[in-house]
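Asker: Quick one: the structure is below, and I'll ask about it shortly.
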Amino acid sequence: VIVSNELLVQHIRHVKITPAAPISYEAGQFFLLRLKNSVGDYVERSYSVANFGEGTLLEFVIRIEPHGQMTGLIDQLKTGDSLDIKGPFGRFGFPSLGETPSRMTLIAGGVGISPLRSMIQKSFQSGDNFPLQLFYGFRTPQDFLFREELEAYRNSGRLQIFPAVSEGGDQPWEGQRGFISDCLEGNIFSPESNVACFLCGPPPMVKATREKLFSLGFDRKQVHVEAW
């Protein structure tokens, strides 16, 4: 059942769902959402869960595409509507770690913040003490999703945040500009053997950032990728 379907910024929806029964999942995993269109056919797409908890509330951050079959349906969902959900699936995130890392770097582009937000929430809920970094790239200052929440985590002293805008926007911006892959050098943790990097975003951003990580000395086994 849909609890809320908030428009965070233009074309980005924050959907909160209450399942019929609690669903156990790991931070970083994804679910299949299914809806019926106007002619009665089912449309199904996969989305990373954007929060972490006991499985009584699932959150998804979804970019509404102009001609998207599924996102067009999601854009119209109202509180009290229902949809089908299947999962969880995938090993991106904590399921892919064999041991607790000494440090962890998270790199997101746009709505790719979804699984990484889930991982941050779980890490703080679990009382982990290893240092965390978040490199977050988005188009304009308005697209800095969950800014207050992430800055509250940063104020704990354990999480560093490096946000960057790739375009202008109406709001002032004093932070870094350009692609997030260009912000890594000089800021990212050194590539020690037990440092884990998690990367989620659109394919061009993922490709450029992964190549940058390799050039900085990270091993392929240290770099975990989720693209759409």
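Asker: Just one of (1) 17.5, 54; (2) 16.7, 61; (3) 16.8, 48 is Rg and Dmax of the Cα atoms in Å as worked out from the coordinates here. Which one is it?
Answerer: Computing Rg and Dmax of the Cα atoms in Å and matching it to (1) 17.5, 54; (2) 16.7, 61; (3) 16.8, 48 gives (1).
Asker: If you don't mind, another one. Whole angstrom only: what separates the Cα centroid of the stretch 2-23 from the Cα centroid of the stretch 113-166?
Answerer: Taking the Cα centre of each part, the stretch 2-23 and the stretch 113-166 sit 20 Å apart.
Asker: Run the helix sum for the chain: -39,500 (n - 2.57) per DSSP H stretch of 4+ residues, divided by residue count, reported at 222 nm to the nearest 500 deg cm²/dmol.
Answerer: -5000 deg cm²/dmol
Asker: Another question, then. If the cut-off is 14 Å between C-alpha atoms, which aspartates and glutamates fall inside it for residue 78, apart from same-chain ones fewer than 8 positions away?
Answerer: Filter leaves 6.
Asker: For residue 125 and residue 38, what does the FRET efficiency come to when R0 = 35 Å and r is the distance between their Cβ atoms, rounded to the nearest 0.05? Intermediate results must be reported in sequence, preceding the final value.
Answerer: Values: r = 41 Å, r/R0 = 1.16.
E between residue 125 and residue 38, to the nearest 0.05, is 0.30.
Asker: In whole percent, and with a 1.4 Å probe on the protein chains, what portion of the accessible area of the stretch 1-111 is carbon and sulfur?
Answerer: 48
Asker: Still on this structure: In the chain, with Lys and Arg counted as +1 and Asp and Glu as -1 at Cβ, which of these residues, 125, 146, 198, has the Cα nearest the positive end of the dipole, that is, farthest along it?
Answerer: The residue sitting farthest along the positive end of the dipole is 198.
Asker: In nm, to one decimal, how far is the modelled label at residue 154 from the one at residue 6, with both set 7 Å along Cα→Cβ?
Answerer: The answer from the label model is 1.9 nm.
Asker: Holding the Cα-Cα limit at 31 Å, pick out from 16/221; 122/207; 86/122 the pairs that are longer than that.
Answerer: Exceeds cut-off: 16/221.
Asker: Mind checking the per residue accessible area of the stretch 104-228 for me, 1.4 Å probe, whole number of Å²?
Answerer: That works out to 46 Å² for each residue.
Asker: Mind checking which aspartates and glutamates have their Cα closer than 15 Å to the Cα of residue 212? Skip sequence neighbours fewer than 8 apart in that chain.
Answerer: Candidates past the 8-residue exclusion: 182, 185.
Asker: To the nearest 10 Å², what's residue 102's accessible area with a 1.4 Å probe?
Answerer: 50
Asker: Right, something else. In the P(r) worked out for the stretch 112-159, what percent of Cα pairs fall beyond 12 Å?
Answerer: When every Cα pair of the stretch 112-159 is considered, 65 percent fall beyond 12 Å.
Asker: Alpha carbon centre of the stretch 176-220 versus the stretch 29-81: separation in Å?
Answerer: Centre-to-centre distance over Cα atoms comes out at 29 Å.
The values are calculated or read from the model by the stated rules, or taken from the named source; none is laboratory data. Note that the structure is a prediction, hence the values are computed from the model and not measured. As a convention, Cβ positions derive from the backbone with ideal geometry for all residues, glycine included, and neighbour counts pool all protein chains shown. For the accessible areas, the whole protein counts, side chains as well, though only heavy atoms, and no ligand, DNA or RNA atoms are used. Shrake-Rupley method; radii C 1.70, N 1.55, O 1.52, S 1.80 Å.
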